[in-house]
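Structure, as structure tokens:
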Amino acid sequence: MNFYKLLLAFVALCCTGFLAQSQSLQLNVIIRTIDKNLAPTVSLLQLPDSVLVATKVAKATISFDVKANSFYLIKITAVGKQSITKNIEVHDSSLSITVNLSDKIGNLEAVVVVSKKPLLKYEDDKTIVDAEPLANSSTNAYEVLEKVPGAVVDQDGNVYLNSATPATIYINGREVKLSATDLASMLKSLPANSITKIEILRNPSAKYDAASSGGIVNIVLKKGVKLGTNGSVNLASFQGKYNTTTAGFNINKSIKKTNTYFSYQFTKRNNFEELNTTRLLSSDNTKLQQQSYTTYPTINHYAGGGIDAELNSKLSIGYDVRFTANENNSHAINGNLISQQASGNQLGVINALINNSGSSYYLGNNISAKYKIDSVGSELSSSIDYNYFNSKNFQQYNNRFLLPARPDLDGDGNTNNNKNILTFKSDLVVKLKAKYTIETGAKYNYAASTNSAMYFTETTASGRKTDSFQTNRFRYNEKIFAGYLQVSKTFFTVTFKPGIRMETTDIYGKQLFPKDTSLSIRRTDFFPYLYIRRDITKLFGFMLTGNAIYRRSISRPYYEALNPYPKYIDQFLYDVGNPNLKPQFTTNYEFNIIAADFPVFSIGVNDIKDIFTNVTYQDDVTKIAYRTYDNLGRNKEFYFRVAGGIPPGGKYFFYLGAQYNRSHYTGLYQNKPLEYTRGSWVFFTYHNFKASPTLNLSLHGFMRLRGLQNFYELNNFGALNINANKTILKKKANIILSINDILKTNKVDFSIDQSGISAYGSRVNDTRKIGITLRYNFGIKPKEEKKEGFDAPADTNN
């Protein structure tokens, strides 16, 4: 199927359907009450001027004609019942709301209209995942991320959505500029229950950084809840081969219009990795077999807090701070056997011990302000962010040469990595009377990194001396200025949102030791964006809505990919950066369909030029392999996703989804022609059954077929997880029993066969774990103020 023709056909369909779809939209109000003879009065007013549209009386269901992209206020009154006032925002399709009328009991401060939160829902340009059910069977934020439907998290911490390019990770709407390894370490220190939701932006608009070719994963952390003083304490233990224990608390306090919050979590964790590989060293079938077993004992501390204050009805300000401190250790035993593949004759036997003792610290600060310009949604928001990251590591290794026998080789070294990141950002949203929405803003980001490594080697023959190969000093500065403008407008039932983003890049890096090298990237680029949305038809009572998206983006080589410093993994493998990398550009075309805010189908193409990715090369002389980054050429990637299930609301609901990716690479791999194609599948599912008012059972899992990771072909693997959540003590406490990777199928077998490198093996981690979590929620309600009567209570939609 020619996707470009599909996109043009969809645009034509939108344009030709203007007159046919010009009828008014419907707002359906479903009223639930025990008294079937009750006839409540329902009034609809249009905002911002509170113009009365209509007043009707009905027993159960009532409908109003409404306009697309408008704001309304609905009031429901009945004798002996609590009045309800609710703000309604109508987008570009009809909608239904359900309200429950309860008996009037004295004076109340607010009426809460409650609806069950779906696990997945689609909102404008993003999919929103409710993190609570995923957090119930997780010990940290990283494990929650691994269970997000449709996201693929590899064993190095990269997250993939709909592209071979990893997604960009945000926390609370701000990018975390850390390497995959450092980011994974930080996420493992965040408690699972600190996350309120995860936003998946597969095709971000011009409002977001263009350096998000693989999409954006925004982890939204919980803040204070304005319900007086409240909080929770938790204690959990998960047992696999090794144990993970975590405990913490959070507390929130509201005083009038000021809200403060603080949380702390301690985690002591151990994990293991068993890695077995076989690699051909030469054309005469000499092979290297490696068996490595590594344990990772770590200790994590996380603390976070902040304050939000409403200075008046229009202006609010906030301060948020997060701090993590980690002790990261590892102990590896590595056996190496070099032999003739045909005869089995042993040519070399080397055993190695590798120990790492490290620590890392992360400090994130954010000051934000929001000014509400009017009552229809116009606002100005600004923020200043400062983030600091430091990691230190001391490494020791000992290589014992058993065959042929020769003196041991010992080595040790210290590394120190510092990052300072400062960001200024301001966004303006203006909603005009003609129903145009204008969004514009600017952002400046400055990042400075320094890396130093001092290594030594020691033998009985030559003694202790500096290892000039690994000793390194590297400095890196990145300045990015961006501005954007996008406009959205609904014509009849079709919404158009075109946008443009401009980004100026200034990157400079310099290696000071062992030799003076430098790199520089200075350029200005423009990134267009187009989003088209239209209702298609009703099917089984659900409105199907189509979305077409065009987007151009950039992936810049980052600090770790550019730094030429070689990082020792074992005596036959190194990680090393490439200072000659160029940026890659991606053009994305996608068409998707949603049903009642649930994503059901997507099809798209990623056209990636000057693609740079992690590759494994082998030195022809030393036969040492090194993992690095390189610009390979071009990747044209086709993908589609489908999902469906039973929506939430009853005792049981589920969803089931699948995603297919087909990548076609053309270019050069280790200076040899590359022509490579591979297709892969990911299946994911979630089931939830409310066995009783106090017992909730859930099952979720994934399966990946014919996966591809940095040209490593992956065999089939997956995981199935279950948990039971029991509420006790009048629903103030929870006991959660979890079993992760029940069938122990999360084992990865891999192989690679490219120019200069041929290898295969397996990788296993401590993924099967049984855990129990105890959580107690406490709260002190605010003192009630006496009021003359009840009028227009605040509305909260959970």
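Multiply the residue separation of THR460 and ALA303 by 0.36 nm, subtract the distance between their alpha-carbon atoms, and state the gained length in nm to one decimal.
51.8 nm
Where the only charges are on Cβ atoms (+1 Lys, Arg; -1 Asp, Glu), what is the dipole of segment 394-459 about its Cα centre, to the nearest 20 debye?
I would put it at about 780 debye.
Given [x] 35.2; [y] 43.4; [z] 38.1 as candidate values of mean projected area of the Cα convex hull in nm², which corresponds to the one derived from the coordinates?
Calculated mean projected area of the Cα convex hull in nm²: the matching label is [x].
Starting from the residue with the highest accessible area, list LYS177, LYS672 in decreasing order, probe 1.4 Å.
Putting LYS177, LYS672 in descending order of accessible area: LYS672, LYS177.
Mind ranking 157-165, 736-744, 722-730 by how tightly packed they are, going by the mean number of other C-beta atoms within 10 angstrom, highest first?
In decreasing order of mean packing, 157-165, 736-744, 722-730 become 157-165, 736-744, 722-730.
On the protein heavy atoms, probe 1.4 angstrom, tell me the percent of accessible surface of segment 455-522 carried by carbon and sulfur.
Carbon plus sulfur share of accessible area: 57 percent.
Taking only C-alpha pairs under 8 Å that are 6+ residues apart, what is the relative contact order of segment 674-767 in percent?
Working: 185 pairs, mean separation 19.3, N = 94.
It comes to 21 percent, rounded to a whole number.
In debye, nearest 20: dipole of the chain around its Cα centre with unit charges on the Cβ of K, R (+) and D, E (-)?
Approximately 1800 debye in magnitude.
Under a 1.4 Å probe, what is the accessible area of segment 231-298 per residue, stated in Å²?
On the way: 3250 Å² over 68 residues.
Heavy-atom SASA per residue in segment 231-298 reads 48 Å².
Note the full-extension length gain between ALA54 and ILE646 as 0.36 nm times their separation in residues minus their Cα-Cα distance, in nm to one decimal.
Gain in length upon complete extension: 209.6 nm.
Which of the three applies to segment 148-275, rounded, prolate or oblate, going by the alpha-carbon gyration tensor with a ≥ b ≥ c and a/c under 1.5 meaning rounded?
Oblate, because a/c is 1.5 or more while a/b does not exceed b/c.
Roughly to the nearest percent, how much of the accessible area of segment 254-395 is carbon and sulfur, given a 1.4 Å probe?
After summing per-atom areas, the C and S share lands at 59 percent.
For the ranges 417-429, 195-207, what's the packing order if you count other beta-carbon atoms within 10 Å of each residue, average per peptide, and put the highest first?
Top of the packing list down: 195-207, 417-429.
Along segment 318-325, what does the Karplus equation 6.51 cos²θ - 1.76 cosθ + 1.60 (θ = phi - 60°) give for ³J(HN,Hα), rounded to whole Hz, x for Gly and Pro?
Coupling constants for segment 318-325: x, 9, 9, 9, 9, 9, 10, 10 Hz.
Among ALA151, ALA434, SER163, whose Cα sits farthest toward the positive end of the charge dipole of the chain (+1 at Cβ of Lys/Arg, -1 at Cβ of Asp/Glu, about the Cα centre)?
Toward the positive end, the furthest listed residue is ALA434.
Show the residues, 5+ positions off or on another chain, whose built amide H is closer than 5 Å to the amide H of ASN631.
LYS582
Quick one: dipole size for segment 310-444, taken about the Cα centre, charges +1 on Lys/Arg Cβ and -1 on Asp/Glu Cβ, in debye to the nearest 20.
Roughly 500 debye, rounded to the nearest 20.
Which order do the peptides 452-459, 676-683 come out in when sorted by mean C-beta neighbours inside 10 angstrom, highest first?
Result, highest mean Cβ count within 10 Å first: 452-459, 676-683.
Per 10 Å bin, what percent of the C-alpha pairs of segment 618-710 does each bin hold, from zero upward?
For segment 618-710, the binned pair fractions read 13, 27, 22, 17, 12, 7, 1 percent.
So how far apart, in nm, are the two label points at ILE373 and LYS257 if each is 7 Å from Cα heading toward Cβ?
Between ILE373 and LYS257, the simple spin-label model gives 2.1 nm.
Tabulate in residue order the Karplus-calculated ³J(HN,Hα) for segment 681-689, using 6.51 cos²θ - 1.76 cosθ + 1.60 with θ = phi - 60°, rounded to whole Hz; enter x for Gly and Pro.
Along segment 681-689, the couplings run 10, 10, 10, 9, 8, 8, 10, 9, 10 Hz.
Where does helix 3-16 land angle-wise versus the long Cα axis of the chain, in degrees 0 to 90, nearest 10?
10
Below 8 Å between Cα atoms, with a sequence gap of 6+, how large is the relative contact order for the chain in percent?
About 11 percent, as a whole number.
When the accessible area of segment 167-226 is split by element with a 1.4 Å probe, what percent falls to carbon and sulfur?
Carbon plus sulfur share of accessible area: 47 percent.
At 1.4 Å probe radius, can you tell me the per residue accessible area of segment 512-620 in Å²?
Solvent-accessible surface per residue comes out at 39 Å².
Let me know the shape class of segment 726-784, please: from the alpha-carbon gyration tensor, a ≥ b ≥ c as square roots of the eigenvalues, rounded when a/c is under 1.5, otherwise prolate if a/b is greater than b/c, or oblate. Could you put the intermediate results ahead of the total?
Numbers: a/c = 7.52, a/b = 3.14, b/c = 2.39.
Prolate shape, in that a/c is at least 1.5 and a/b is the bigger ratio.
Can you work out the FRET efficiency for the pair ASN418 and PHE601, with r the C-beta to C-beta distance and R0 = 45 Å, to the nearest 0.05?
0.45
Assuming R0 = 35 Å, what is the FRET efficiency of THR694 and LYS538, from their Cβ-Cβ distance, to the nearest 0.05?
0.40
The values are calculated or read from the model by the stated rules, or taken from the named source; none is laboratory data. In this text the structure is predicted, and so the values were computed from the model without any measurement. Every residue, glycine among them, receives a Cβ derived from its backbone with ideal geometry; neighbour counts consider all protein chains shown. The protein model used for the area step is the full one, side chains on, heavy atoms only, and it has no ligands, DNA or RNA in it. Shrake-Rupley method; radii C 1.70, N 1.55, O 1.52, S 1.80 Å.
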